[in-house]
Amino acid sequence: MYTSKKLGNQKSQGRAFKAISILLLTILVLIAAGCSNAKPSKIVIATKGNTESNIMQQLLKQIVEENTSINVETVKLDNSILWEAVKKGDVDVYVEYTGTALMNILKQEPERDPDAVYNKVKKMLEEQENLTMLDPLGFDSTYAFALRKEVADQYGIANLTQLAEHSSQLKFAADPMIEKSSRPDGYRLVNEAYGFKFKELVGISNPTLQLEALKNKEADVMITIATKGIFEVNNLVPLEDDKHIFLPYYAAPLVRNETLEAHPELKEVLNKLSNKVSIEAIREMNRQVDAEEKKPEDVVRAWLKQEGFLK
């Protein structure tokens, strides 16, 4: 009798142990399945390595870290390999310019209407490359003529039509071969549209030396990037392209669709910067990094706090 009870208890314990084992195995399987479907905990945001691109990388990084639990890794890649890294999935996000995407990536003919360029680029990148171009940050990093302020005040010059009217009295610092350039976004087409007749072409290839020529009054005007932080600090005036000949280069985040599928919150988070970064703001951030040698992450953090994006 005792032996029968003992055997019965052993059988009951065996069944209980088996049930617990099955339960544990089921839990482990469910955990493993959950892990296999888990979102990647990291995204990679790239910079092209120049001052403005470094700043934009930090804008995206810090806004993502402030509003999500996603870990952000930053990388610097040369323009020549960045696009391949995006296509291979090694980079998830970076900021691209609409004009660059239109001509260099999509190999399209130049267009000058900013909205048309953005819409075309956005559509083609989605259809051909499985990429989403989010809302523009707000500034156009196109080309601009920079004129010495005292000259601008003297002749009342605020745009390129007015510059052309007084060009015969002014010296133009530029690459000696600029008039033969065939770039679709370069000087030749602008000159055809406005009809400049400068007093002298001061042949200087290096933009830094061109700037020095203006500071030393050896020249009066030069072409630069509209977002450079060189204007106020060097008493220069950016002139309006009133005929809209220079191509639009609006900056906008470019994100892999696979990344957005894994982290759908990214779209809303990154679009918090939509049209929030003015040309004056990016100029000032560029100036602080270039002229004051501040770190891009510090400059961006201060701006984001000032604008209420960071606590």
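The values are calculated or read from the model by the stated rules, or taken from the named source; none is laboratory data. Just so you know, these numbers come straight off a predicted model, no measurement behind them. Here Cβ is always computed from backbone atoms with ideal geometry, including for glycine, and neighbour counts include all displayed protein chains. Ligands, DNA and RNA are stripped out before the accessible areas are found, and what is left, the full protein with its side chains, is counted by its heavy atoms. Shrake-Rupley method; radii C 1.70, N 1.55, O 1.52, S 1.80 Å.
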With Ile157, Ile178 as the choices, which residue is modelled with pLDDT of 95 or more, out of contact with any Pro (no Cβ under 6 Å at 6 or more places or on another chain) and either of a type in the set (Val, Ile, Thr) or open to solvent by less than 70 Å² (accessible area, probe 1.4 Å) (or both)? Ile157
Within region 92-110, does at least one residue satisfy the condition of being assigned to a strand (DSSP E or B), of a type in the set (A, V, I, L, M), open to solvent by less than 40 Å² (accessible area, probe 1.4 Å) and under 20 Å from Leu260 (Cα atoms)? yes
Check Gly186 against each of (1) closer than 23 Å to Val117 by Cβ; (2) within 26 Å of the chain's Cα centre (by Cα); (3) touching a residue at least 60 places away in the same chain (Cβ under 8 Å) and name the one condition it does not meet. (3)
Close pairs (8 angstrom Cβ cut-off, 6 or more residues apart or separate chains): part of a helix (DSSP H, G or I) in region 118-135, of a type in the set (D, E, K, R) anywhere: Lys120/Glu111; Glu129/Lys87
Region 184-230, residues that are within 20 Å of Glu284 (Cα to Cα), open to solvent by less than 20 Å² (accessible area, probe 1.4 Å) and part of a loop (DSSP other than H, G, I, E, B): Ala226, Thr227, Gly229
Any pair with Cβ under 8 angstrom, 6 or more apart, that starts in region 56-76 at a residue that is under 21 Å from Ala302 (Cβ atoms) and without any contact (Cβ under 8 Å) to a residue 60 or more places away in the chain and ends at one that is exposed (fewer than 14 other Cβ atoms within 10 Å of the Cβ) and among the basic types (Lys, Arg): Val72/Lys42
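Matching residues to (1) within 18 Å of Thr132 (Cα to Cα); (2) open to solvent by less than 60 Å² (accessible area, probe 1.4 Å):
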| site | (1), (2) |
| --- | --- |
| Gln58 | no, yes |
| Thr68 | no, yes |
| Asn71 | no, no |
| Asp78 | no, no |
| Val86 | yes, yes |
Could you go through region 264-273 and let me know if any residue there is more than 20 Å from the chain's Cα centre (by Cα), surrounded by fewer than 18 Cβ atoms within 10 Å (Cβ to Cβ), among the basic types (Lys, Arg) and assigned to a helix (DSSP H, G or I). no
